[in-house]
Amino acid sequence: MKQLALDIGLAPVPTLARFFPGPNEAVLQHLRLAVESDNGGALRAAVPMYLWGESGCGKTHLLKAVREALRERGLAVGWLDASSAQPPAFEESWAAVLLDDVHLYTCAQQAMAFNWFVNATSPATGTPRWVLAAGSLPPADLPLRDDLRSRLGWGHVFQLHLPDETARRAVLRQEADARGIFLGDDVMDYMLRRFSRDLGSLMQLLEQLDGFALRTQRAITIPLLKTMLETE
């Protein structure tokens, strides 16, 4: 029964519609144009795009949302992040290449990312593919090999900004609603006062709290949150 409760609380799939833009509206609109245009018009233009910003600003959410949107259109994509131990060779069937957390890449991952970038933008067959990448620093400051670092700065470069408290509250509310749980204002106030205001950390805390509430069959309250922190 414990496993069943955990299965019910699976996190919703990241989507562009579920990204609360706040000060990042221009970035969101650019991505929507790329993935939602008829016949992939903006995608075919294949101008590389790089997103950078602090942890918790939404970079990974946006890349995963783009991956999901392209897959829904029947398009295959290449995905590489810092946890990819054995990434595949570039595939001609890919419509786009997505590179997440590039600032953490090992030497081997940098070599693969460079290979993917070159094959995507200068393919042996077909039209150029789109490259969307993200990291914590602007391209010029990335601790990467020179050829990869310079290519990441070729196209559109956007800085993502951390949401303010109003936006963080809106994101927490949206995430809770997507999970089908009630998050009272008192619980939200407690989370924002007592824990990291980094949005990524808050999302992890909410996911943990959701799972704990399902396992214990209790409503989400401040006492439940305190109990979870004492027992997990």
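The values are calculated or read from the model by the stated rules, or taken from the named source; none is laboratory data. Keep in mind that what you see is a predicted model, and the values were worked out from it rather than measured. All Cβ positions, glycine included, derive from the backbone under ideal geometry; neighbour counts span all protein chains shown. When the accessible area is computed, the model is the full protein with side chains, heavy atoms only, and any ligands, DNA or RNA have been set aside. Shrake-Rupley method; radii C 1.70, N 1.55, O 1.52, S 1.80 Å.
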Where the second residue is part of a loop (DSSP other than H, G, I, E, B) and open to solvent by 70 Å² or more (accessible area, probe 1.4 Å) and the first is under 25 Å from L51 (Cα atoms) and lies in the range 162-183, which pairs have Cβ atoms under 6 Å and are six or more apart or on separate chains?
L162/E54; A167/F20; A170/F20; V171/F20
Close pairs (9 angstrom Cβ cut-off, 6 or more residues apart or separate chains): over 23 Å from A124 (Cβ atoms) and in contact (Cβ under 8 Å) with a residue 40 or more places away in the chain in the range 87-112, buried (at least 21 other Cβ atoms within 10 Å of the Cβ) and polar (S, T, N, Q) anywhere
V102/Q109
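Go through the range 178-218 and count every residue that is charged (D, E, K, R) and either under 20 Å from L62 (Cβ atoms) or surrounded by 14 or more Cβ atoms within 10 Å (Cβ to Cβ) (or both). Before the answer, list the steps.
Just the residues of the range 178-218 that are charged (D, E, K, R), to begin with: 179, 185-186, 189, 193-194, 197-198, 207, 210, 215, 218.
Adding the requirement that they be either under 20 Å from L62 (Cβ atoms) or surrounded by 14 or more Cβ atoms within 10 Å (Cβ to Cβ) (or both) leaves 179, 197-198, 207, 210, 215.
Residues flagged as charged (D, E, K, R) and either under 20 Å from L62 (Cβ atoms) or surrounded by 14 or more Cβ atoms within 10 Å (Cβ to Cβ) (or both) within the range 178-218 amount to 6.
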Which one is surrounded by the fewest Cβ atoms within 10 Å (Cβ to Cβ), of the residues in the range 98-130 that are within 18 Å of the chain's Cα centre (by Cα) and among the charged types (D, E, K, R)?
D101
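Condition check: aliphatic (A, V, I, L, M) and at pLDDT 85 or above. Does V13 satisfy that?
no
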Please go through (1) surrounded by 15 or more Cβ atoms within 10 Å (Cβ to Cβ); (2) at pLDDT 95 or above; (3) at negative phi for A95 and return the number of the only condition it doesn't satisfy.
(2)
Within the range 121-155, considering residues that are of a type in the set (S, T, N, Q) and in a loop (DSSP other than H, G, I, E, B), the one modelled with the highest pLDDT
S136
